Amino acid sequence: MQDRQQQETGIGLPEGGKARRVYLQLKEEIARGVHAEGSLLPGEQKLAALLDVSRVTVRRAMDALEADGLVERRAGAGTKVRGAGRKPTMAADFTTLIPQVVQMGQETTARLLSFAYGKAPAAVARAMELPENARMQTAVRLRLVEGQPFSHLTTHVPEEIAQNYTEAELATTPLYALLERSGVKVERARQSVSATLAAPDVAEVLGLSIGAPLLSLERVVRDAQGRGVEYLSALYRPDMFRLEMELSHVGAGKGRHWEPVIGPAGREAAE
């Protein structure tokens, strides 16, 4: 049981910066098909020379790849690529993300991990321009596509809005539908995207190694009066989710530049 669980969630990034670099590079190459499923990786000595590291470093990286189920090592037969397997993916156009978030909620399933009321975290209260003592309903959900987890979502909603729906409803209904049912008219949002590493609790539910790279999205949603109605902190598996944007080259002379296409044309890539 322990071996199976370790294989499903990984053992975390290998110790040492060089071993982690080798691990992440080989994992990415396997995901992109550079090393096809069923093929043999170069031997440890050759990899060490190619990547300018020691054989011990390569061996540590291989241990992590094997624990992730990406390679199979057999004495005398070499290291065979097992492949990342087919993963369902989700895509969203960055310029029209809000309606696509609603659509995503309808096309995927969610598992509610926690639900509680309490004082808003200081950073959340500042971002939503709420008093420091404002009470929020905080929920953590795991979103799945075709039964495979691909995002870890933490939402904060002001208590006076969240009281209009129950824990059971949030477990089965997209949050935006519940906000609209509560009388909220979503008007605009501000969001930022960056990268982060998976903490132990997030790695466990997403089926990743501790320290695996994640796409991080932070969003503050406001209503027609400018009131903060939701703060979202979303973590996505980069191998299963991507943000897309269609650009148009506009302007003349030195002023020519790229601008996002907003509207039906900009949505086509995600649909």
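The values are calculated or read from the model by the stated rules, or taken from the named source; none is laboratory data. A quick note: this is a predicted structure, and the numbers were derived from the prediction, not measured. Positions of Cβ are generated from backbone atoms using ideal geometry, with glycine treated the same way; all protein chains shown enter the neighbour counts.
Does Val140 satisfy the criteria of being in a loop (DSSP other than H, G, I, E, B) and modelled with pLDDT of 90 or more?
Values: in a loop (DSSP other than H, G, I, E, B): no; modelled with pLDDT of 90 or more: yes.
No.
Filter segment 167-214 down to residues that are in contact with a Gly (Cβ under 9 Å, 6 or more places away or on another chain) and within 25 Å of Met62 (Cβ to Cβ), then give me how many there are. Walk me through it before giving the result.
Going residue by residue through segment 167-214, those that are in contact with a Gly (Cβ under 9 Å, 6 or more places away or on another chain) are 173-177, 187-188, 197-200, 203, 207-212.
Cutting the leftovers down to within 25 Å of Met62 (Cβ to Cβ) gives us 197-200, 203, 207-212.
Residues in segment 167-214 being in contact with a Gly (Cβ under 9 Å, 6 or more places away or on another chain) and within 25 Å of Met62 (Cβ to Cβ): 11 in total.
Looking at segment 176-188, which of its residues are surrounded by 15 or more Cβ atoms within 10 Å (Cβ to Cβ) and at pLDDT below 90?
Keep residues of segment 176-188 that are surrounded by 15 or more Cβ atoms within 10 Å (Cβ to Cβ), which gives 176, 178-179, 182, 184, 186.
Within segment 176-188, Tyr176, Val186 meet the criteria.
Starting from segment 23-37, keep only residues that are on the phi < 0 side of the Ramachandran plot and surrounded by 14 or more Cβ atoms within 10 Å (Cβ to Cβ), then list their pairs with residues that are β-branched (Val, Ile, Thr) and at pLDDT 80 or above whose Cβ atoms are within a distance under 7 Å, requiring at least 6 positions of separation or different chains.
That search, which allows pairs on different chains as well, returns Ile30/Val81; His35/Val81.
With the structure loaded, tell me whether Arg222 is over 19 Å from Gly118 (Cα atoms), among the charged types (D, E, K, R) and in a strand (DSSP E or B) or whether it fails that test. Give the derivation first.
Values: over 19 Å from Gly118 (Cα atoms): yes; among the charged types (D, E, K, R): yes; in a strand (DSSP E or B): yes.
Spelling it out, Arg222 is indeed over 19 Å from Gly118 (Cα atoms), among the charged types (D, E, K, R) and in a strand (DSSP E or B).
In this structure, is Glu204 touching a residue at least 24 places away in the same chain (Cβ under 8 Å) and charged (D, E, K, R)?
So Glu204 fits the description; yes.
Considering only segment 227-234, I want to know if a residue exists there that is part of a strand (DSSP E or B), β-branched (Val, Ile, Thr), at pLDDT 85 or above and more than 17 Å from Thr138 (Cα to Cα). Spell out how you get there, then give the answer.
Looking only at segment 227-234, we keep the residues that are part of a strand (DSSP E or B), and these are 228-234.
Right, trim to β-branched (Val, Ile, Thr) and you get 229.
Within this subset, residues satisfying the condition of being at pLDDT 85 or above are 229.
Those still in the list that are more than 17 Å from Thr138 (Cα to Cα) too: none.
Taking every residue of segment 227-234 in turn, none turns out to be part of a strand (DSSP E or B), β-branched (Val, Ile, Thr), at pLDDT 85 or above and more than 17 Å from Thr138 (Cα to Cα).
Starting from segment 126-139, keep only residues that are within 18 Å of Leu175 (Cα to Cα), then list their pairs with residues that are aromatic (Phe, Trp, Tyr) and surrounded by 20 or more Cβ atoms within 10 Å (Cβ to Cβ) whose Cβ atoms are within a distance under 9 Å, requiring at least 6 positions of separation or different chains.
Going by the 9 Å Cβ cut-off, the qualifying pairs are Met128/Tyr231; Met136/Tyr231.
Check whether at least one residue in segment 205-223 is among the hydrophobic types (A, V, I, L, M, F, W, C), buried (at least 18 other Cβ atoms within 10 Å of the Cβ) and at pLDDT below 85, and report yes or no.
Checked segment 205-223: at least one residue is among the hydrophobic types (A, V, I, L, M, F, W, C), buried (at least 18 other Cβ atoms within 10 Å of the Cβ) and at pLDDT below 85.
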